[in-house]
1. Does region 120-133 contain any residue that is assigned to a helix (DSSP H, G or I), more than 21 Å from the chain's Cα centre (by Cα), among the hydroxyl-bearing types (Ser, Thr, Tyr) and within 30 Å of Gly258 (Cα to Cα)?
2. Looking at the structure I just gave you, is Asp202 charged (D, E, K, R) and at pLDDT below 95?
3. Could you tell me which numbered condition Ala143 fails, if it satisfies all but one of (1) crowded, with 18+ Cβ neighbours inside 10 Å; (2) free of Cβ contacts under 8 Å to residues at least 60 places away in the same chain; (3) more than 21 Å from Ile247 (Cα to Cα); (4) under 25 Å from the mean Cα position of the chain (by Cα)?
4. Among the residues of region 212-229, are any of a type in the set (A, V, I, L, M), assigned to a loop (DSSP other than H, G, I, E, B) and closer than 24 Å to Pro268 by Cβ?
5. Would you point out which residue out of Glu134, Glu85 is more than 24 Å from Gln264 (Cβ to Cβ) and either modelled with pLDDT under 95 or out of contact with any strand residue (DSSP E or B) (no Cβ under 7 Å at 6 or more places or on another chain) (or both)?
6. How many residues, within region 146-163, are surrounded by 21 or more Cβ atoms within 10 Å (Cβ to Cβ) and more than 14 Å from Asp113 (Cα to Cα)?
Amino acid sequence: MIENQSRLYWVAFTLVKGIGAVRFRALLEYFGSAENAWQAPGEALREAGLGQKLVENLLKVRSQVVLEKVWQQIESQGIQVLTWEDQNYPPRLKQVEQPPPVLYLRGDLRPEDDWAVAVVGTRRITAYGQQVAEDVAATLARAGVTVVSGLARGVDGVAHQSALKAGGRTVAILGSGVDHIYPPEHTRLAEQMIARGGVMSDYPPGTPPDAANFPPRNRIISGMSMATVIVEAGIDSGAMITARFAIEQGREVFAVPGNIYGAQSQGPNRLIREGARPLLNPKDLLEALNLNQVVEHRTARSALPTDPVEALLYQLIGAEPVYIDELRAQAGMPIEKVTAALAMMELKGMVRQVGGMNYTKIRDAQADYVAAGES
């Protein structure tokens, strides 16, 4: 028995090549649910806006796939499925335009992973690049910041390894299914990461690594992160694609300056010329992003929510954004009292402001209430 039956049909659409976030959202709006869309006849799918070739492809996959077996394989490998509807879907990624409808995860995501920075770069890393990548990742990890990268050879692998050595958390975004670790020599590294972060992909399990898969996954790397650091990169490299995505998403980009004659420094140096922040010291990154307060945030988050005002507001806030004036009216409290309580609840990790003074509930806070009530 599948705990959340609707999740099965979200997974189904990831098996159909050509249906991404835009088409999937259109199908949801037209049919009302992923299940209805999956079971719809061809004519209805065409009316919903799918082209004939894509409809034929969908019907072919539907006739060949036994979804229950797909789900059994996912569960047997300990893979989590996260959708737009899940509270533990990465919140920063959800804010970007057309985020992936489904993410597959081995490991776990925690509230503290909201504070994440991407560290990416060339596979042909120099001794200088290795030293910088190690220092940046270790500095972030020691400050409680999650390091996000792509598990590739070179800068990516060094960043993941350094974060783990520093006792921090790190997450890799793959250009394959999470059951196909690439490169293979990073299999042991991936297993270590699963214990303190995870490996994640929007490609379904069973998807082999393919050159065409890697540029799109870079959008997830930048989308999950507050900022992206480019250590070393060629002009036309995947790291530069990640930087472009970060800029489009309104995220900070830091570039490590390097030898003006070195091929590996051409990318970062160009980014600096175009306005990216030059990273001259890893600690500058913490100050620029105000990441020195991460430990304070974690300490506040661990406090049990015993305040009655917070308890009432928490009950009024759900997964969907609610405006502060509506909360004030429902709670029957002065706006100053509501504002002060919400500020403390944000620090405790109970709620999140999602823009325009709208608030949503954060996962795991409910467990704190249960624990407090039982103690």
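The values are calculated or read from the model by the stated rules, or taken from the named source; none is laboratory data. All values derive from a computational prediction rather than experimental measurement. As a convention, Cβ positions derive from the backbone with ideal geometry for all residues, glycine included, and neighbour counts pool all protein chains shown.
1. There is at least one residue in region 120-133 that is assigned to a helix (DSSP H, G or I), more than 21 Å from the chain's Cα centre (by Cα), among the hydroxyl-bearing types (Ser, Thr, Tyr) and within 30 Å of Gly258 (Cα to Cα).
2. no
3. (2)
4. yes
5. Glu85
6. Looking only at that region, the number is 11.
Quick grid of which residues meet (1) at pLDDT below 95; (2) among the polar types (S, T, N, Q):
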residue: Ile19; (1), (2): yes, no
residue: Ser33; (1), (2): yes, yes
residue: Gly51; (1), (2): yes, no
residue: Leu59; (1), (2): no, no
residue: Val65; (1), (2): yes, no
residue: Trp71; (1), (2): yes, no
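Yes/no per residue for (1) closer than 24 Å to Tyr359 by Cα; (2) out of contact with any helix residue (DSSP H, G or I) (no Cβ under 8 Å at 6 or more places or on another chain); (3) without any contact (Cβ under 8 Å) to a residue 24 or more places away in the chain; (4) among the aliphatic types (A, V, I, L, M):
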| residue | (1), (2), (3), (4) |
| --- | --- |
| Pro90 | yes, no, no, no |
| Pro99 | yes, no, no, no |
| Leu105 | no, yes, no, yes |
| Val117 | yes, no, no, yes |
